[in-house]
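The values are calculated or read from the model by the stated rules, or taken from the named source; none is laboratory data. If you're wondering where the values come from, they're calculated on a predicted model, not measured in any experiment. Note: ideal-geometry Cβ built from the backbone for every residue, glycine included; neighbour counts use all protein chains shown.
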Amino acid sequence: MTDTLFQSIIDLVQSLGYMGVFYGALLEEFFYIVPSSLVQLSAGAILLGELQFSFDLIVKSILWVGIPASIGVTIGSLPYYALGYYGGKPAIERWGKWLGVSWKSIEDLEKKLTKTWWDDFIFTGLRALPILPSVVLSVGPGVFRLPMRTYLIGSFLGTFIRATLMGFVGSRLGAGATTFAKTVERAQTIGLIIFGVSGLLLLFFWLRNKKKKSTT
């Protein structure tokens, strides 16, 4: 099934151009099993691969990949945001295993946020960096009641930065873009594990310091 989705997304990009990037991003975001960088990298290879490094390449990376991909991802993520917003922990515990997200991953994301206005920048940055799975960054803000306006702006800007860069990278990789996309997806999984371990270590040191203070 995954390979079929891969090929369907690539066919969309080849046949529809930048509109295929938009539709592919919708599919990519909705079907979490598809590597979240597949569309951007493939689009760069297919639509921009014949261009030499130039200002024209940068502009087309923005217009043909960055903008349509960020719109598609932002719209495609809304069902998951709604699931977190209206379903909360019970919904995650019930359906999370089918969506590739656990309650622990949501808690790990919460530890990354500061509960201040800096959260807007942190969320945008997390969207831009291929560290955490996209579904976690869609469900989590819903659970935390991140305002819809903030969520939409952060998702769009973060994905725009990421998609534009991925489109450029894909244009340089050519036929190796799909393989690289799968590598990025594995890196996201590793990033989530590191994120979780870091959270546990912070919790351990916090509890240890708390215990020391209570005994003094």
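Couple of notes before you dig in:
- Applying the criterion of being among the small types (Gly, Ala, Ser) and assigned to a loop (DSSP other than H, G, I, E, B) to the residues of the stretch 16-47, the residue that is surrounded by the fewest Cβ atoms within 10 Å (Cβ to Cβ) is Gly17.
- Within the stretch 142-171, residues that are surrounded by fewer than 24 Cβ atoms within 10 Å (Cβ to Cβ) and polar (S, T, N, Q) have Cβ atoms under 7 Å from residues that are at pLDDT below 90 and part of a helix (DSSP H, G or I) in these pairs: Thr150/Asp120, counting only partners at least 6 apart in sequence or on another chain.
- Subset of the stretch 121-141 (residues that are touching a residue at least 40 places away in the same chain (Cβ under 8 Å) and among the polar types (S, T, N, Q)): Ser134, Ser138
- Residues of the stretch 124-137 classified as outside any loop (DSSP other than H, G, I, E, B) and over 21 Å from Ile62 (Cα atoms), total: 3
- Under the condition of being assigned to a helix (DSSP H, G or I), surrounded by fewer than 19 Cβ atoms within 10 Å (Cβ to Cβ) and in contact with a Ser or Thr (Cβ under 6 Å, 6 or more places away or on another chain), the residues counted in the stretch 48-78 number 1.
- Filtered by the rule that a residue be under 8 Å from the mean Cα position of the chain (by Cα) and modelled with pLDDT of 90 or more, the stretch 132-166 gives a lone residue, Thr159.
- Consider the stretch 138-151 and keep the residues that are in a helix (DSSP H, G or I) and either hydroxyl-bearing (Ser, Thr, Tyr) or out of contact with any helix residue (DSSP H, G or I) (no Cβ under 6 Å at 6 or more places or on another chain) (or both). The one that is nearest to Leu78 (Cα to Cα) is Ser138.
- For the stretch 93-131, taking the residues that are more than 18 Å from the chain's Cα centre (by Cα) and modelled with pLDDT of 80 or more, the one that is surrounded by the most Cβ atoms within 10 Å (Cβ to Cβ) is identified as Glu93.
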